[in-house]
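Data first, discussion second: the structure below is written as structure tokens.
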Amino acid sequence: MSMKFGRAYCEELGALLSPYRARELYTDEEGEHCGKQFTFGCEDPDCRTRLTPVGIYMVRKSKRAMHFRTKEDHKAGCAFLTPVDGSKVRKPSEREDDYKPTDFPTELDLTPPKRKGNGGLGPGEGADDERTGGGSSRGHGGAGAKRKTNSCTRYLDLVVDCFLCGDEGGMNGNLTIAGKTKPFGRFFKKVRYFGDEIGLIYYGPIDGLKIYNGKGVGLRFTDSVWVERRPYRIWVHVSQEVIDDSRRKKSFMTEMAELKKAVDAKEEVVAFFVGAYPARTTVEIKGGATFDLYRAELSSINHLSLAFAKS
């Protein structure tokens, strides 16, 4: 039986990390930690029992939220075995896939400051770079945890994982993206209904992928949008310039290669994107013929999150 956590102490960095920050460091090609796996322990300094990362180093991100787990006993007196403020005592779980994040962020920053230098932690930095205000829980993702009154994250993957977990309390709390505030769950819109509202997180299964030589990548959604009684395909496009400007170009293209395999095998992959809105575009094909589609142009690879059914 294991206990699961949304934050852990990283021995190499001497700081607390979320799985999203750990994944960012692992895939940051300009950073000193690129490709290096970390050693994680319980965040209680008097415990530090070894924790195993789940999903952090996998190319295919599954629908299960990334987290840390342990099958070892925590030391006597560990804070996670002691109830605080009326919360329940943490108990080992008999299931491997029942982790659900409970600390939903209240803001997603689409234009966070760019990492500098080697991309490592700055003074006092840790967790997932959240800017917080007000009260917070003792630990991220803990049972009986209190929802932060204000927490800003740069990770779309975190926001998507929270949505997929379906926690009712978290879904009803507010989320702010690019100045727009709505209940968390209402920020997610199936891509075929994107015409209902601008500025949301749009999602749907993918059935096509184009990797253009020197021109980026295009993902085609299974669902079409109906406009004036006609169906149009929906694409999301990431230009080569946007890819080249990223600190994790190689890992992104590796993920696209895995997406191609999954699409060819007709496996389910759901794509989420934010910060862009599909616009009607006319495409010319060989022979001078044209057709229309709807395409969203992403300004960052961090505005795209994939959830693979098979990891």
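Please treat every number below as a calculation from the coordinates, not as lab data. This structure is a prediction, so every number in the text was calculated from the model and none was measured. Using ideal geometry, Cβ is built from the backbone for each residue, glycine included, and neighbour counts are taken over all protein chains shown.
Gain on full extension, evaluated as 0.36 nm per residue between Asn213 and Ala257 minus their Cα-Cα distance, stands at 14.5 nm. Hey, how many Å between the Cα centroid of the stretch 1-41 and the Cα centroid of the stretch 204-280? So the two Cα centres are separated by 28 Å.
In terms of packing, defined here as the mean over residues of other Cβ atoms within 10 angstrom, the peptides 172-179, 271-278 line up highest first as 271-278, 172-179.
Proximity of backbone amide H atoms, modeled 1.01 Å from N, is registered between Glu29 and Arg248, Lys249 at under 5 Å, excluding neighbours fewer than 5 places apart on the same chain.
Please report the antiparallel percentage of the DSSP beta bridges confined to the stretch 189-308, to the nearest 5.
In the stretch 189-308, approximately 80 percent of DSSP beta bridges are antiparallel ones.
Taking amide H atoms as placed 1.01 Å from N in the peptide plane, the amide H of Asp103 lies under 5 Å from those of Gly141, each 5 or more residues away in sequence or on another chain. Between amide H atoms placed 1.01 Å from N, distances below 5 Å from Asn174 occur with Phe184, all of them 5 or more places distant or on a separate chain. In summary, the lysines within cross-link reach of Lys100, defined as a Cα separation below 20 angstrom excluding same-chain residues under 8 places away, comprise Lys4, Lys61, Lys63, Lys71, Lys88, Lys91, Lys146, Lys148, Lys310.
Remark: the stretch 213-222, residue by residue, has Karplus-estimated 3J(HN,Hα) of 5, x, 10, x, 9, x, 10, 9, 7, 5 Hz, where x stands for each Gly or Pro and the curve is 6.51 cos²θ - 1.76 cosθ + 1.60 at θ = phi - 60°. Peptides 59-71, 230-242 ranked from most to least packed by the mean count of surrounding Cβ atoms within 10 Å: 59-71, 230-242.
Neighbours of Arg233 by Cβ distance under 13 Å: Lys/Arg scored +1, Asp/Glu scored -1, total +3.
Which whole-number value in Å³ per residue fits the convex hull of the alpha carbons of the stretch 189-308?
It comes to 111 Å³ per residue, whole-number rounded.
Using alpha carbons only, what's the Rg to Rh ratio of the stretch 1-72 with Rh from Kirkwood? Radius of gyration relative to Kirkwood radius: 0.96. Relative to the current alpha-carbon distance between Glu29 and Ser224, full extension at 0.36 nm per residue lengthens the span by 66.6 nm.
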